[in-house]
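Rule-based calculations on the coordinates, nothing more; no lab input. Quick caveat: nothing in here was measured; it's all calculated off a predicted structure. Cβ: placed from backbone, ideal geometry, glycine included. Neighbour counts: every protein chain shown.
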């Protein structure tokens, strides 16, 4: 689940303030509200902006919206609960509000008016997010794709160098996957890839990122040293016999680990992890190997 915590991840001017409620509805500039709501194509930021406006002009302390696998949250999680459904021609959003006091009739009308203003910019942001995801995620497995992987690894390495931290890269390759496709067909191959991607997602930590970068090749960017990555690799190996999608075709995998070196380039880190993966295949498959230095 993607927890879109607008109050934590976005600019200070969208943060909730307990003294923000002005109780002056006449000060509300609706044109400015519309401009603010259309000011971003990030749905989390649009939702946070909506929360900020409500918090300033209505006795609303917080609001939550769950949409598909995304959860949008702004403000406090306690108060008098009020549930509203915002209806559009094609969509509807169920929002839960947390109030400091019940709304009077005029405030209810204002809330409805502001809700109507939210629909278009929020829908636009959701559509933009969906298009962005198509460019960043693999359609079959829902893991990040090669383009996203390159961006994420560059960011992870830059952050590690800046903070003198450590990043490790794991390269995973399914053993004898080509034979599976040749014997059972691509439909069976896709079935296995989806199952293996689900296993990886289950095995990694919240701070790790998994990608399918082509065919049966996957990579994981892990925060920490090679020992931390080794724990994840062993977990993946141990979990494989428990997944019927993989045992049905006797699927195993080989994994290689490389820990980043100071000021190391992404391409070189991948090459080291890839060499370690081939060392695992040479060692009998269904295992992992670690590249200790720049050369195995």
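Per residue, the convex hull spanned by the alpha carbons of the stretch 90-223 comes to 185 Å³. Over the residues of the chain, the helix contribution to mean residue ellipticity at 222 nm works out to -15000 deg cm²/dmol, using -39500 (n - 2.57) for each DSSP H run of at least 4.
As a proxy for reagent exposure, ranking 137, 196 by other Cβ atoms within 10 Å from fewest up yields 137, 196.
For the chain, treating each Cα as an identical point scatterer without solvent, what Debye log10 I(q)/I(0) comes out at q = 0.10 1/Å? Summing over Cα pairs of the chain leads to -0.69. Computed extension length for residue 154-residue 109: 11.3 nm, one decimal, from 0.36 nm per residue of separation with the Cα-Cα distance subtracted. Stretching the chain fully between residue 130 and residue 84 yields a gain of 14.1 nm (0.36 nm per residue, less the alpha carbon separation).
Axis angle, to the nearest 10 degrees, between helix 105-136 and the longest C-alpha principal axis of the chain: 20 degrees.
Okay, which of the stretch 90-113 sit inside 15 Å, backbone N to the point 7 Å along the Cα-Cβ direction of residue 66? Zone members listed by number: 93-97.
A simple spin-label model places pseudo-atoms 7 Å from Cα toward Cβ; at residue 238 and residue 76 they are separated by 4.4 nm.
Sorted fewest first by neighbouring Cβ atoms within 10 angstrom, 208, 91 come out as 91, 208. For helix 266-282, report the angle its Cα long axis makes with the longest principal axis of the Cα atoms of the chain; keep it between 0 and 90° and round to the nearest 10°. So the helix axis and the longest Cα principal axis differ by about 50 degrees. Distance from a point 7 Å along Cα→Cβ of residue 188 to each backbone N in the stretch 220-263: keep the residues under 16 Å and list them by number. Taking a point 7 Å out along Cα→Cβ of residue 188, the residues of the stretch 220-263 whose backbone N falls under 16 Å are 244-252.
What fraction of the Cα pairs in the stretch 173-294, stated in percent, has a spacing above 19 angstrom? Of the Cα pairs, 45 percent sit more than 19 Å apart. The angle between the Cα long axis of helix 226-239 and the main principal axis of the chain comes to about 80°, on a 0 to 90 degree scale.
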